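The structure appears right after this line, and notes come after that.
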Amino acid sequence: MNAPLIEVTDVGKTYGSVIALRDVSTVVNSGEVTCVLGDNGAGKSTLIKILAGVHRHDAGEFRVDGDPVRFDSPRDALDRGIATVYQDLAVVPLMSVWRNFFLGSEPTIGFGPLRLLDRKRGKEITRNALARMGIDLRDVEQPVGTLSGGERQCVAIARAVHFGAKVLILDEPTAALGVKQAGVVLKYVAQARDRGLGVVLITHNPHHAYPVGDRFLLLKRGAPLGSYEKSEIDLAELTRQMAGGTELEALEHELRTAET
Ligand SMILES: Nc1ncnc2c1ncn2[C@@H]1O[C@H](COP(=O)(O)OP(=O)(O)O)[C@@H](O)[C@H]1O
Ligand SMILES: [Mg+2]
């Protein structure tokens, strides 16, 4: 059996005296979506920053293709085929869609000091890559700033797929979106999965996670609250688990204020 693309075992991370994450285990397989769910402060971003090479774990084990790793930078993660799309996309709003798609790795004509940007080919590659993902953008020359939040997420996903990512990490890609746009982004998540990528989808919305997810890791205040394969849990139960924590907290708070 092939090793999972990513496997974390009892991973932990502290920031000074703050335990941001502890004892977290999960896997990411090719052609599957691993969802990480939890409220604010649950440790979701900390976990993906470890996977993306932004932070290093200080407990447990992190394996890529079976090899124990400890990344020094996001570049190291990228070199292992792990691409991350952050919520606040690092795109240049005034730059055209196709230039954003390449961001420094544009195709050129000629060589040496006579090299010229091959605009025609660059635009064509972008248009085709987007079309392969089912994204129909008539004008790839339009500034990225004119795209909706959902469309930008889609371009970023298509970009990661085009440049050969094996693992795609998405930090709350649907959080700021309306129902319809969120649906569109989830469709591209499913497409990336169907093209064989392993996807890590971070969200606090079980309704976004459930339809595309293969496994669900629930975090709360940095600790695992539960970890389920899709066959082990239904949407109602996943929603209940997600809501349970906050409801209890609210109740606790109410009781405490009632006492005083
Ligand atoms: N750079 C940091 N320095 C200190 N504490 C941090 C840092 N990043 C996150 N934390 C803390 O770690 C915990 C988990 O945060 P985070 O991973 O951002 O959660 P989430 O993404 O689920 O909202 C929180 O208590 C947060 O305050
Ligand atoms: Mg976060």
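No lab work stands behind these numbers, since they all come straight from the coordinates. Fair warning: this is a prediction, and the values are worked out from it, not measured in the lab. Using ideal geometry, Cβ is built from the backbone for each residue, glycine included, and neighbour counts are taken over all protein chains shown.
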Exercise. Could you state the orientation-averaged shadow area of the convex hull built on the Cα atoms of the chain, in nm² to one decimal?
Key: 17.4 nm²
Exercise. Rounded to the nearest 0.05, what FRET efficiency do D58 and D194 give with R0 = 35 Å and r taken as the Cβ-Cβ distance? Could you check?
Key: 0.45
Self-check item: Dipole magnitude of region 204-245, debye to nearest 20 (Cβ charges: Lys/Arg +1, Asp/Glu -1, about Cα centre)
Solution: 240 debye
Exercise. Report the label-to-label distance for F163 and D23 in nanometres (one decimal), using points 7 Å from each Cα along the Cα→Cβ vector.
Key: 3.8 nm
Self-check item: Taking M95, M133 and counting other C-beta atoms within 10 Å, the order from fewest to most
Solution: M95, M133
Quiz item: Where nothing but the Cβ of Lys and Arg (+1) and of Asp and Glu (-1) is charged, how large is the charge dipole of region 1-139 around its Cα centre, in debye to the nearest 20?
Solution: 700 debye
Quiz item: If each residue's Cβ is checked for other Cβ atoms within 10 Å, how do S227, S25, S17 rank with the fewest at the top?
Solution: S17, S25, S227
Quiz item: What helices in the chain pass both tests, a Cα length along the helix axis of 15 Å or more and a mean Kyte hydropathy of -1.0 or higher, using whole DSSP H runs?
Solution: 149-162, 179-194, 235-259
Exercise. Towards the positive end of the charge dipole of region 58-185, with charges on Cβ (+1 Lys, Arg; -1 Asp, Glu), say which of W98, P74, A160 has the farthest Cα.
Key: W98
Practice problem: Measure off 7 Å from each Cα along the Cα-to-Cβ vector at R75 and N40, then give the distance between these two points in nanometres to one decimal. | Solution: 3.5 nm
Quiz item: Hey, fewest Cβ within 10 Å first, where do R138, R127, R63, R115 land in order?
Solution: R138, R115, R63, R127
Quiz item: Roughly what would the spin-label model give for E229 and T146, points 7 Å off Cα along C-beta, in nm?
Solution: 4.8 nm
Quiz item: Just how large is the dipole of the chain about the Cα centre, in debye to the nearest 20, putting +1 at every Lys and Arg Cβ and -1 at every Asp and Glu Cβ?
Solution: 1180 debye
Quiz prompt | Alpha-carbon centroids, region 1-66 and region 112-141: separation in whole Å | solution = 35 Å
Exercise. Give K166/K230; K166/K220; K123/K180; K49/K220; K49/K180 a once-over and call out the pairs whose C-alpha atoms are over 24 Å from each other.
Key: K166/K220; K123/K180; K49/K180
